[in-house]
């Protein structure tokens, strides 16, 4: 096929992924062999398609830009505009979205579980295992590894922005606006929590804990016990901030988000004692 020269212009939110020589302008001009798709060209510049929203192109003789898919083959002298993924981003079923995180995001995994989101995480998962789990279980792969998001086999993924786990949590909530059910998942294993009578587990408690606390939850998967301990104030503050962020995202896309204080919309404050 005839070689084509094209120019790409990227949203500000995508400049981070570009090489330094393109980052300032957010634009790049290049030639390709005429067989490459627009999606391939975008990814060749370091921008994962998971981070891309609408793609539009306009040729020299076109009256207006037209929307195209990543499989479109750009023609000579066309200009392509590359938008960032919408926020909140619609996600195919299941709803709310389920996540799987790479090995470097353990602190974020615990926070996502704290607010009730189904979050798979292992500290020894290989890249291939993460891809297989994301695809088999239809989980959104969350990572800060750009190379992982560039893998063609990935069902759905997202680059997590922020260095601090609290900021990373807010970024995920802003992007996906998931429904939250705080205090319903085990921060250690992702299992669901259920109330348990104190008398049933009294023998497992230390004397000080037995004297001080009355309300307990137990993980249905790993049997770990949770109660409002020394870290409860910090965890409740984190949950409150997350709920406010989810509500803000819901206002941007109300069909995508819902927030409750716990199962059935009730306030279940018997929170985990684990440090996030």
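Only the coordinates and a few stated rules stand behind these numbers; no lab work does. For clarity, every value in this text was computed on a predicted model and none was experimentally measured. Positions of Cβ are backbone-derived with ideal geometry, glycine not excepted, and every protein chain shown enters the neighbour counts.
What does the helix-only formula give at 222 nm for the chain: each DSSP H stretch with n ≥ 4 adding -39500 (n - 2.57), the total divided by the residues, and the result rounded to the nearest 500 deg cm²/dmol?
My calculation for the chain gives -8000 deg cm²/dmol from helical runs alone.
Which of 159, 213 has the fewest other C-beta atoms within 10 Å, and how do the rest follow up to the most?
Ranked by crowding around the Cβ, least crowded first: 213, 159.
Give the relative contact order (percent, whole number) for region 34-157; include only Cα pairs under 8 Å separated by 6+ residues.
23 percent
Which ordering of 124, 11 is given by a fewest-first count of other beta-carbon atoms within 10 Å?
Listing 124, 11 from fewest to most nearby Cβ atoms yields 124, 11.
Equivalent ellipsoid semi-axes for region 99-247, as square roots of 5 times the alpha carbon gyration tensor eigenvalues: give them largest first, rounded to whole Å.
On the way: eigenvalues 195, 60, 29 Å².
Working through the eigenvalues yields semi-axes of 31, 17, 12 Å.
Before anything else, pin down the relative contact order of region 4-84: Cα pairs under 8 Å, at least 6 apart, normalised by residue count, whole percent. Write down the numbers at each step before the final one.
Numbers: 159 pairs, mean separation 34.2, N = 81.
Taking the mean separation of contacting Cα pairs over the length of region 4-84, I get 42 percent.
For the chain, what relative contact order do you get, as a whole percent, if you take Cα pairs closer than 8 Å and at least 6 residues apart? Before the final figure, lay out each step's value.
Values: 548 pairs, mean separation 44.2, N = 276.
About 16 percent, as a whole number.
Cα centroid distance between region 200-240 and region 103-117, in Å?
Each part's Cα centre sits 19 Å from the other's.
Sort 154, 205, 235, 173 so that the residue with the fewest other Cβ atoms within 10 Å of its own Cβ comes first and the one with the most comes last.
Working: 154 19, 205 16, 235 23, 173 28.
Placing the least packed residue first, the sequence is 205, 154, 235, 173.
If the viscosity is 1.567 mPa s and the temperature 4 °C, what Stokes-Einstein diffusion coefficient in µm²/s follows for the chain when Rh is the Kirkwood radius over Cα pairs?
Numbers: Rh = 20.7 Å.
Translational D for this selection: 62 µm²/s.
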